[in-house]
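Notes follow the structure.
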Amino acid sequence: MARTRISPLAGGLAAAVAVALAAACWVVFPPEVAGRALAARPDVDLPLPWPAEGQASAEVQGLGSLGSHGERQPVPIASVTKVMTAYVVLKDHPLGADEAGPEITVDEQAEAESTSSEESSVPVRAGRTISERDLLALMLVPSGNNVARLLARWDAGSQEAFVAKMNREAAALGMASTTYTGASGVEDSTTSTAADQLRLAREVMKNPVIRAIVATTSLRVDGVPGAVATTNTLLGRHGVIGLKTGSSTAAGGALMWAAKAPGGALILGVVLHQSPGGTPGAGLRAALDNSEKLIAAIQRELPAATR
């Protein structure tokens, strides 16, 4: 059989097409080095002190990505889960900026869980009524796990039905590496990535009720003894205006944060899996410390980079 001769021009075109396809695949499916996906080039490239372990992502709204760092594998996110819980509750039961919303009756389960020494909780009494907004605050500010589950039952009838809603919303937001298995985050099986949680941060900061609650350093609620303080000790420093902490032995420390740049731009970031395997307190301190270094550097470097 005679062989078909391929002209040099055709061969060159084929090679060029192959190179172009390979480059496109590199962009769409980034290669991995030692188990780490190589990050796409940030829109704003700053010299930032990314955490040495775990993973982190940040962006400036209106300017774009500041980059991502660390492994892209899903990890436990602990109480950062409550941000999605608040998002689902407010999507189902929206509130005006100054609206308290319906009164919700505290059930016996929420009271029984309020004395747990195994997880963060808020002391509430069965039979008392607390507004939707105040319950959202008790969940997000002092991080009451029992309140998160109470809101889930109120919204969907059961925590299991509520979790199904959480996962549907995650899918709708493009959070492809996220799995929710509870409303509070106490379950180590609730996992996500910094990039996915950054998508959620972007969405929730559009809501004036969430923005106001996560900027609260302490609050008093009728029926709850004393003042309750935020777990986010970065509030008010380096322009920080929210969002939510998380900590457990498996998750280490986690922080979803929002800050205002000097020019008013909103900076969003997520730091996950800081010092996992130790005490939750040590993990949270690591997440707060590493986030503070990152935020301070962004605030310092951003003005010169955007002139």
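The values are calculated or read from the model by the stated rules, or taken from the named source; none is laboratory data. Values in this document were obtained by computation on a predicted structure and should not be read as measured data. Note that we place each Cβ from the backbone using ideal geometry, even for glycine, and neighbour counts take in every protein chain shown.
Which of the strands (runs of 3 or more DSSP E) contained wholly in region 62-171 include at least 1 residues that are within 26 Å of residue 288 (Cα to Cα) and in contact (Cβ under 8 Å) with a residue 12 or more places away in the chain?
Once the strands (runs of 3 or more DSSP E) in region 62-171 are filtered for at least 1 residues that are within 26 Å of residue 288 (Cα to Cα) and in contact (Cβ under 8 Å) with a residue 12 or more places away in the chain, what remains is 64-70.
Go through the residues of region 160-180 one by one and say whether even a single one is small (Gly, Ala, Ser), within 15 Å of residue 75 (Cα to Cα) and in contact with a Lys or Arg (Cβ under 8 Å, 6 or more places away or on another chain). Before you say what the answer is, go through the steps one by one.
Keep residues of region 160-180 that are small (Gly, Ala, Ser), which gives 161, 164, 170-172, 174, 176-177.
Then keep just the ones that are within 15 Å of residue 75 (Cα to Cα); that gives 176-177.
From what's left, in contact with a Lys or Arg (Cβ under 8 Å, 6 or more places away or on another chain): 177.
Yes, some residue in region 160-180 is small (Gly, Ala, Ser), within 15 Å of residue 75 (Cα to Cα) and in contact with a Lys or Arg (Cβ under 8 Å, 6 or more places away or on another chain).
Does residue 149 meet the test of being at negative phi and surrounded by fewer than 23 Cβ atoms within 10 Å (Cβ to Cβ)? Don't jump to the end; show me each part of the working.
Details: at negative phi: yes; surrounded by fewer than 23 Cβ atoms within 10 Å (Cβ to Cβ): no.
No, not satisfied.
Looking at (1) at pLDDT 95 or above; (2) loosely packed, with under 12 Cβ neighbours inside 10 Å; (3) among the β-branched types (Val, Ile, Thr), which is the one condition that is false for residue 115?
Unmet condition: (1).
Name the helices (runs of 4 or more DSSP H) wholly within region 191-307 that hold at least 1 residues that are within 16 Å of residue 50 (Cβ to Cβ) and small (Gly, Ala, Ser)? Reasoning before the result, please.
Values: elements: 194-204, 208-214, 280-305.
Because the criterion is at least 1 residues that are within 16 Å of residue 50 (Cβ to Cβ) and small (Gly, Ala, Ser), the helices (runs of 4 or more DSSP H) in region 191-307 that meet it are 194-204, 280-305.
Of everything in region 280-307, what is exposed (fewer than 14 other Cβ atoms within 10 Å of the Cβ) and either in contact with a Cys (Cβ under 6 Å, 6 or more places away or on another chain) or more than 26 Å from residue 43 (Cβ to Cβ) (or both)? Give them in sequence order.
Residue satisfying the conditions is 281 alone.
Which members of region 25-51 meet the condition of being more than 19 Å from the chain's Cα centre (by Cα) and at pLDDT 75 or above?
42, 43, 44, 45, 46, 47, 48, 49
Does residue 110 satisfy the condition of being over 20 Å from the mean Cα position of the chain (by Cα), crowded, with 24+ Cβ neighbours inside 10 Å and farther than 16 Å from residue 244 by Cα? Don't jump to the end; show me each part of the working.
On the way: over 20 Å from the mean Cα position of the chain (by Cα): yes; crowded, with 24+ Cβ neighbours inside 10 Å: yes; farther than 16 Å from residue 244 by Cα: yes.
Yes: the conditions hold for residue 110.
For region 217-235, enumerate the residues that are surrounded by fewer than 16 Cβ atoms within 10 Å (Cβ to Cβ) and among the β-branched types (Val, Ile, Thr).
Here is the first cut: in region 217-235, the residues surrounded by fewer than 16 Cβ atoms within 10 Å (Cβ to Cβ) are 217-218, 220, 222-223, 225-227, 229, 233.
Once the filter is applied, which keeps residues that are surrounded by fewer than 16 Cβ atoms within 10 Å (Cβ to Cβ) and among the β-branched types (Val, Ile, Thr), region 217-235 yields 217, 233.
A quick yes/no check of all residues on (1) within 30 Å of residue 305 (Cα to Cα); (2) β-branched (Val, Ile, Thr); (3) in contact (Cβ under 8 Å) with a residue 24 or more places away in the chain; (4) out of contact with any Phe, Trp or Tyr (no Cβ under 7 Å at 6 or more places or on another chain):
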{"position": "178", "(1), (2), (3), (4)": "no, yes, yes, yes"}
{"position": "192", "(1), (2), (3), (4)": "no, no, yes, yes"}
{"position": "205", "(1), (2), (3), (4)": "yes, no, yes, yes"}
{"position": "221", "(1), (2), (3), (4)": "no, yes, yes, yes"}
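Looking at residue 252 and the list (1) in contact with a strand residue (DSSP E or B) (Cβ under 8 Å, 6 or more places away or on another chain); (2) surrounded by fewer than 17 Cβ atoms within 10 Å (Cβ to Cβ), which single condition is not satisfied?
(2)
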